[in-house]
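The values are calculated or read from the model by the stated rules, or taken from the named source; none is laboratory data. Note that the structure is predicted; figures quoted are calculated from it, not measured. So basically every Cβ, Gly included, is an ideal-geometry build from the backbone, and we count neighbours across all protein chains shown. Only protein heavy atoms, including side chains, enter the accessible area calculation; ligands, DNA and RNA are left aside. Shrake-Rupley method; radii C 1.70, N 1.55, O 1.52, S 1.80 Å.
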Amino acid sequence: MKSIIKKEIYEVTIKNSKFIGVIIPIESLDDVKDNINDIKEEYKNATHYCYAFTLINNKGFSDDGEPNKTAGIPILNVIEDNNLVNVLVIVIRYFGGIKLGPGGLIRAYSNTCKEVINKSTLVELINGIEASITFSYSKEKEVNYLLKNSIIKNKLYEENCTYIIETTKEILDSLSNVAIINYTYEKIIPKLN
């Protein structure tokens, strides 16, 4: 299983229609809805917002008004062919006045999805832990060193430092000497080297 770390965008014009592929890392169905709404706000007046997504235990797609099975399923097939999970790919189309036909649409949506995936940095997924840790300012350099192969999702600086992290059990165990572990829960996380 693989996923991506960050959002990427790819644009192409095919017979006067502009296709914009956007790939976004997601963790839930709420992320799917929120990101689609954000894209519709960002790319106003587009003709279609076709998409597909895969989560660990769920997947879905939409043709958004394109002929049945010419957009959503081709996007989903490319995502699955690349063994990706926890991603949403939206292909925005601004219609340019020339109809592409079913075969042309399938190629346009598939190729736009392939290209935006090609722009992405793919990472292997592993079983990991999300955690909140708190530690003194004097320990920050040591904590950052121990977290070099982890993801720091959020940093809060108050009386002490608090990080929200995604890491492995082994790294979390090594932090127990320098930080207070506030909460943990298991999740699939990117494997960082």
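Condition check ((1) surrounded by 14 or more Cβ atoms within 10 Å (Cβ to Cβ); (2) in contact with a Pro (Cβ under 7 Å, 6 or more places away or on another chain)) across all residues:
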{"residue": "Val87", "(1), (2)": "yes, yes"}
{"residue": "Gly97", "(1), (2)": "no, no"}
{"residue": "Glu130", "(1), (2)": "yes, no"}
{"residue": "Ile133", "(1), (2)": "yes, no"}
{"residue": "Ile171", "(1), (2)": "yes, no"}
{"residue": "Thr184", "(1), (2)": "yes, no"}
{"residue": "Ile188", "(1), (2)": "yes, no"}
Task: From Lys6, Lys99, Lys44, residue being assigned to a loop (DSSP other than H, G, I, E, B), under 19 Å from Pro190 (Cβ atoms) and basic (Lys, Arg) - done: Lys6
Open item on the list: Any residue that is open to solvent by 50 Å² or more (accessible area, probe 1.4 Å), within 17 Å of the chain's Cα centre (by Cα) and not charged (D, E, K, R) - is there at least one of those in the stretch 104-114?
Closed with: no
Task: Qualifying residues in the stretch 102-128 (those that are at pLDDT below 95 and outside any loop (DSSP other than H, G, I, E, B)) - the one farthest from Glu186 (Cα to Cα) - done: Leu122
Open item on the list: Would you confirm whether or not the stretch 58-74 contains a residue that is under 22 Å from Pro190 (Cα atoms), free of Cβ contacts under 8 Å to residues at least 24 places away in the same chain, in contact with an Asp or Glu (Cβ under 9 Å, 6 or more places away or on another chain) and open to solvent by 20 Å² or more (accessible area, probe 1.4 Å)?
Closed with: yes
Task: In the stretch 13-31, residue farthest from Glu66 (Cα to Cα) [restricted to those that are touching a Gly at 6+ places or on another chain (Cβ under 9 Å) and surrounded by fewer than 20 Cβ atoms within 10 Å (Cβ to Cβ)] - done: Leu29
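Conditions (1) under 30 Å from Ile14 (Cα atoms); (2) touching a residue at least 12 places away in the same chain (Cβ under 8 Å), marked per residue:
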site	(1), (2)
Lys114	yes, yes
Lys119	yes, yes
Ile133	no, yes
Ser138	no, no
Leu146	no, yes
Ile151	no, yes
Ile165	no, yes
Ile171	no, yes
Open item on the list: Among the listed residues Tyr10, Tyr51, Tyr43, identify the single one that is among the hydroxyl-bearing types (Ser, Thr, Tyr), open to solvent by less than 90 Å² (accessible area, probe 1.4 Å), under 13 Å from Thr112 (Cβ atoms) and out of contact with any Lys or Arg (no Cβ under 6 Å at 6 or more places or on another chain).
Closed with: Tyr51
